[in-house]
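First comes the structure, then the notes that go with it.
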Amino acid sequence: VEERCARLARFGDSLYLLQPDLKEGEGGLHDWQTLCWVAFALAPERSSQEAVRALILDSEWQTLMRALRFLWSARHALNLVSVGGGDRLLETVQEDVAQQLGYQAAHGNSAAERLMSDYYCHAEQVRTLAERGIELVRRKLMPASKSQRLLARMRVGSRVRQTPYGTLEIAGKGRLS
């Protein structure tokens with residue numbers, strides 16, 4: 001998770017960059033890999049994909065697979081049209097990548113604009129599901145103590161104190177055990 005934060009600081013921690021990195025950017029292929037490793041840590045007896053699939057709903061799995069197919073297709077198309085390869089979807093090659101993927105101008109939008117619109121939708125799905133999956137694993141591997149869970153549910157302004165015996169007490173409510 002720390003590596004993910006450092007990577008996003010290097011490659012852009014916004015999903016909506018004009019020239020996104022399909023692998024390293026937010027919602028990119030590396031977010032999928034991070035989710036796989038984190039899920040695998042929770043269930044090492046399973047493959048990383050099986051571990052991820054166990055974390056999310058079937059409908060989310062299908063959404064994630066569509067998003068990943070899009071990102072891989074875009075990355076392959078990018079490598080076909082750009083000299084020297086790379087993973088950054090530069091503005092200068094977006095139109096060529098869009099045409100490689102079969103996009104056409106329609107409704108006043110260029111093929112590149114339609115490509116980027118789809119990219120943002122798919123990257124958002126990868127990012128959201130990766131963040132949610134990582135958080136689920138974090139909670140399972142590092143559960144909060146009972147007092148932390150109770151405090152998290154307290155309303156702002158409630159007065160909670162710990163008694164000398166280690167129990168929590170809310171003003172006017174008595175002891176919580």
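The values are calculated or read from the model by the stated rules, or taken from the named source; none is laboratory data. Not measured: the values here are computed from a predicted model. Methodologically, a virtual Cβ is constructed for each residue, glycine included, from the backbone with ideal geometry; neighbour enumeration extends over all protein chains shown. Just so you know, the surface numbers come from the protein's heavy atoms only, side chains and all, with ligands and any DNA or RNA stripped out. Shrake-Rupley method; radii C 1.70, N 1.55, O 1.52, S 1.80 Å.
Mind jotting down a quarter of the surface of the convex hull over the alpha carbons of region 1-145, in square nanometres, one decimal?
Mean shadow area of the hull around the Cα atoms is 9.8 nm².
How much of the accessible area of region 26-82, in percent, comes from carbon and sulfur atoms when a 1.4 Å probe is used?
On region 26-82, the fraction of accessible area on carbon and sulfur atoms equals 54 percent.
Sort 92-99, 137-144 by the packing proxy (mean of other Cβ within 10 Å over each peptide's residues), most packed first.
92-99, 137-144
Trypsin sites (Lys or Arg not before Pro) within region 1-72: which are DSSP loop residues with at most 15 other Cβ atoms inside 10 Å?
ARG46
Could you rank the peptides 125-131, 80-86, 106-112 by their average count of other C-beta atoms within 10 Å per residue, with the highest value first?
Most protected by this proxy first, the peptides run 125-131, 106-112, 80-86.
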